[in-house]
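What follows is a short report on a single structure.
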Amino acid sequence: MTTASARLPAISLFSGVGGLDLGIASAGFAVRAAVEYDPDSVASLRANQHPDEPERVIDRSILDVPT
């Protein structure tokens with residue numbers, strides 16, 4: 001397996017609780033950010049997927065995320 005810095009970066013949109021993110025990570029990608037609107041899903045993502053870097057979870061509507 002490659003290191004996180006050597007893996008291809010990805011951004012997760014409509015992340016839910018992060019199940020697809022785990023599959024993407026297993027395929028060799030590094031999820032750099034996750035966008036999710038649902039408060040319960042955001043809490044789960046921060047606790048389970050990004051516990052050391054909760055700022056990687058963007059908790060707002062995709063329509064409100066700047067490009």
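General remarks:
- Among the residues making up region 18-67, a single one is surrounded by fewer than 16 Cβ atoms within 10 Å (Cβ to Cβ) and in contact (Cβ under 8 Å) with a residue 40 or more places away in the chain: Ile62.
- When we screen Pro39, Pro51 for residues that are at pLDDT 95 or above and either β-branched (Val, Ile, Thr) or on the phi < 0 side of the Ramachandran plot (or both), the only hit is Pro39.
For (1) of a type in the set (Gly, Ala, Ser); (2) in contact with a Leu (Cβ under 9 Å, 6 or more places away or on another chain); (3) in a strand (DSSP E or B), each residue gets a yes or a no:
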{"position": "Gly23", "(1), (2), (3)": "yes, no, no"}
{"position": "Arg32", "(1), (2), (3)": "no, no, yes"}
{"position": "Tyr37", "(1), (2), (3)": "no, no, no"}
{"position": "Val42", "(1), (2), (3)": "no, no, no"}
{"position": "Glu55", "(1), (2), (3)": "no, no, no"}
{"position": "Arg60", "(1), (2), (3)": "no, no, no"}
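The values are calculated or read from the model by the stated rules, or taken from the named source; none is laboratory data. The structure presented is a predicted model; accordingly, all values stated were derived computationally and were not measured. Ideal geometry is used to build each Cβ from the backbone, glycine not excepted, and the neighbour counts take in all protein chains shown.
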